[in-house]
Amino acid sequence: MARCPRCGRPSEGVCDVCRGGKTLFLGSAPSPKPTAAPRPAPAQTALMPSSAPAAPGPTGARGPGPAPAAGAAAPPKGSEQPSASDKRIRKKRRLDERLSAGIRLTTTLRNLVARPPPGRRQQGQAGSSTAAKGIVAALIGGLCAGLLTVGVWLLWPRRASAVARVDSDGQQVLEVSCSGCVDGTDVSIGASHARILEGRAQIALSAPVAPSTKTLLVNTAPPAGNPSTLELDVQVCGRLSPDLAHLADEVPSLVLIAEVPPGGSVIVDGNALLPDANGRASYQLPIVEAVSGDADHEATLSRKLPFSLTAPKCDEQRGAVELALKIAPLRVSAPSASIVLGRDSFMLAGKAQPGATVTVEGRGIHVGETGEFAQRMTISKLGEREITIRSTVPGLAPRLVKRRIRRVADLLLEANALARKAPSKLDDVLNDNAGTAPLRFALRGRVTAVQAIGHSSRILVTADACEGDGCSVQVEHGAAAPAFVGDHVLAVGEIDRRPGSDGPVLRLLSEILAVDPVEDRP
């Protein structure tokens, strides 16, 4: 008989138990009954009298029954005992049954763990249905709790909101509304504070808020009570802020940045600006004229620009923003504003604020601890050029000083050419009581005194064809004096009348000064 190669049960190949495909039950599997050995036919017996005592039957039970006849042949010895082969078969069968029972028990337990019986499955489905109902109930309860929370928030007495806008001075402020806050409650954002009055407060923001910012933390401190913090969704209606980065440009300028929510509009100083997709626009303010020229001390640059901002869901914002900035000082003592030279070099000298950076045409020069500087400059070619000296101090607007330098081959020839285009009678200047002397003046005279002032010079010249005590003119030359006492010179420049104790003092800011030997001519 074929048996399972795993468990030994009668089966063609691997049995169902070892395959684990069926749910098995505990107990012995039915096995075929062995064919009983044929017994010899019973011998003929004679009836015994009923009064004779009954002999025990084959089963050992007491009671009446037939008894073998006296002369009958007895059954063979051991016919009632099993044979040795039967004992082996029965022993093997019992071993197979125990082994099969153990395998069935193991497989059944495994199937019970892997897959519950049909009854248990129905119970699991019922449990899943109950769990689903519980989840639905929990969702409904959570929704009700959320609605209740929203309702409490809507009815909460300390409901607050805020709007960030630009005030009439161009400063960004936060308008806080708190319907349940007590008057006198202190509200703050960072270092900025304000007090609630009739449910409102206006806080000047030290750090401007961009339109993209939506949430701010506002600290509240009621007069009687514990401080708390409110998290507010802020509606930002606009922002104005200066941009000082363009002060370092070759042509310095101030830039005003305007920001509004997308869809807003901006007008600054009468100019409509076009915001980009992020609501940002800029207005550039030229300041070259305000920062140009010599100055011994800091000056203030101030501009007031009217503006108008509009944004969706916001009121129109109008006002004027004032831009104020200090300008760095710079004084260039040599050369003068315009100078004509007959040589290939000149000395650039002056004074700036200590710690300033001084550049000439973008190239830095050394500045001493006191702010003084002196640098020899070279002009390799004939002709005229303009140079810009810039003084830069962190946090201040730069100071620009321009100088026009002209190099000529013959200084006296150039001086005579300029003198022919300017008046040269000093009496006309002295007799002009209204002080409307011509700006340009050609002075011929003799040098009576020379004084060096740094890298410039001051020369006292007595004018020709002049009688009296008022014939001396002070000539300020933005370079080393080319003449000595006793020399006859020709100076051309701008005349300036200064009030003095003995009358007006004439000063000539010379553009050109040359030694003139014309006096020796007959």
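What the table below lists for this structure:
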| quantity | calculated |
| --- | --- |
| Residue satisfying condition, being more than 29 Å from the chain's Cα centre (by Cα), surrounded by 12 or more Cβ atoms within 10 Å (Cβ to Cβ) and more than 30 Å from residue 359 (Cα to Cα), within set 239, 280, 195 | 195 |
| Positions within region 245-268 being part of a loop (DSSP other than H, G, I, E, B) and loosely packed, with under 15 Cβ neighbours inside 10 Å, in sequence order | 249, 250, 251, 262, 263 |
| Filtered residue count, region 233-276, keeping only those that are more than 20 Å from residue 400 (Cβ to Cβ) and aliphatic (A, V, I, L, M) | 13 |
| Residue among 240, 230 that alone is at pLDDT below 90, more than 13 Å from residue 397 (Cα to Cα) and either in a strand (DSSP E or B) or β-branched (Val, Ile, Thr) (or both) | 230 |
| Strands (runs of 3 or more DSSP E) completely within region 367-435 that count 1 or more residues being free of Cβ contacts under 8 Å to residues at least 12 places away in the same chain, on the phi < 0 side of the Ramachandran plot and over 58 Å from the mean Cα position of the chain (by Cα) | none |
| Criterion: surrounded by 14 or more Cβ atoms within 10 Å (Cβ to Cβ), modelled with pLDDT of 90 or more and within 26 Å of residue 342 (Cβ to Cβ) - qualifying residue of 460, 426 | 460 |
| Selection from region 191-207 of residues that are in contact with a Leu (Cβ under 8 Å, 6 or more places away or on another chain) and not in a strand (DSSP E or B) | 205 |
| Given (1) in contact with a strand residue (DSSP E or B) (Cβ under 6 Å, 6 or more places away or on another chain); (2) loosely packed, with under 12 Cβ neighbours inside 10 Å; (3) part of a loop (DSSP other than H, G, I, E, B), number of the condition residue 302 does not satisfy | (3) |
| Residues of region 275-299 classified as aliphatic (A, V, I, L, M) and either in contact with a Phe, Trp or Tyr (Cβ under 6 Å, 6 or more places away or on another chain) or assigned to a strand (DSSP E or B) (or both), total | 4 |
| Options 182, 173; residue that is more than 36 Å from the chain's Cα centre (by Cα), modelled with pLDDT of 65 or more and surrounded by 10 or more Cβ atoms within 10 Å (Cβ to Cβ) | 182 |
| Boolean, residue 448 is surrounded by fewer than 16 Cβ atoms within 10 Å (Cβ to Cβ) and at pLDDT below 90 | no |
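The values are calculated or read from the model by the stated rules, or taken from the named source; none is laboratory data. As the structure is a prediction and not an experimental result, all values here were calculated from the model. FYI the Cβ positions are ideal-geometry reconstructions off the backbone, even for glycines, and counts take in every protein chain you see.
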